[in-house]
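Worksheet: the structure to be examined is printed underneath.
Values quoted throughout were computed directly from the atomic coordinates according to the rules given, and no laboratory measurement underlies them. Quick caveat: nothing in here was measured; it's all calculated off a predicted structure. Cβ placement follows ideal geometry from the backbone for every residue including glycine, while neighbour counts extend to all protein chains displayed.
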Amino acid sequence: MPDRHLTPSPAARRERGFTLLETMVALVIFSAAAMALYGLLNTNLIALARAHDVSRQAPAVRQVIEHLSSVNPREEAAGSIELDGVQVSWTATLVEPVRQSQSVTGALGHYEIGLYELEFTMRAGERSLGAWRLRTVGYEKVREPAF
């Protein structure tokens with residue numbers, strides 16, 4: 001008669017370890033969770049890169065607007081400059097027709113003025129930092145003051 005203690009019962013045999021099916025289900029669940037976490041990480045890295053670009057753009061855009069405010073689009077309708085390693089190109093388009101300026105009293109002024117829209121683009125190396133528009137006045141002195 002065989003010893004009962006040496007032969008495991010069917011219930012004991014099932015409890016010894018994981019079956020292949022259980023292992024595969026666990027791997028599928030783990031893989032799905034890992035893919036979701038990877039997607040979240042990738043999205044966060046893209047958002048971080050965009051936030052970095054915006055934080056870099058804001059001071060540069062302010063500096064460009066400050067510079068372009070001193071440009072007379074009537075004399076310089078297009079151009080490009082480099083400010084702190086950022087290449088800026090602009091073109092000016094007349095929005096309102098050129099007209100004669102007036103003094104406070106309504107007399108003819110010394111300038112002809114027109115409203116221009118400057119469209120400028122910024123590049124850092126080969127990478128585009130964006131495009132913006134700025135409205136400014138173009139002027140040309142056409143008469144001297146009469147004293």
Quick note on T136, T105, ordering by fewest other C-beta atoms within 10 Å, gives T105, T136
Within the chain, helix-based [θ] at 222 nm, where runs of 4 or more DSSP H residues each add -39,500 (n - 2.57), nearest 500: -13500 deg cm²/dmol
Hull shadow area, averaged, region 102-147 [alpha-carbon convex hull, nm²]: 5.0 nm²
Whole-Hz ³J(HN,Hα) from phi, Karplus 6.51 cos²θ - 1.76 cosθ + 1.60, for region 93-109, glycine and proline x: 10, 6, 9, 10, x, 5, 9, 6, 6, 10, 7, 5, 8, x, 6, 4, x
Can you compute 3J(HN,Hα) from phi for each residue in region 83-91, using the Karplus curve 6.51 cos²θ - 1.76 cosθ + 1.60 with θ = phi - 60°, rounded to whole Hz and x for Gly and Pro? 10, 6, x, 10, 8, 10, 10, 9, 9
To the nearest 20 debye, the chain has a Cα-centred charge dipole, built from +1 on Lys and Arg Cβ and -1 on Asp and Glu Cβ, of 760 debye
With a 10 Å Cβ neighbour count serving as the proxy for reagent exposure, in which order, fewest first, do R123, R74 appear? R123, R74
Quick one: net charge of A49's neighbours, Cβ under 12 Å, K/R +1, D/E -1? +2
Cα-based Rg of region 10-141 per 2.2 N^0.38 Å, rounded to two decimals? 2.16
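Determine the sum of side-chain charges near E117: Lys and Arg each +1, Asp and Glu each -1, restricted to other residues whose C-beta is under 11 angstrom from that of E117. Walk me through the numbers on the way to the answer.
Working: positive: R133, R135; negative: E96, E119.
Around E117, the surrounding residues sum to 0.
Given a cut-off of under 8 Å on Cα pairs at least six residues apart, what relative contact order in percent is computed for the chain?
The normalised contact order for the chain reaches 17 percent.
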Neighbours of R74 by Cβ distance under 10 Å: Lys/Arg at +1, Asp/Glu at -1, summed charge -4
With 10 angstrom as the radius, rank V25, V61, V137 by how many other C-beta atoms surround their C-beta, starting from the fewest. V25, V137, V61
Taking placed amide H atoms and a strict 5 Å upper bound, the residues 5 or more places from L83 or on another chain that come that close are V88
Which residue, E117, E22, E126, has the most motion in a Gaussian network model of the chain that connects Cα atoms within less than 10 Å? E22
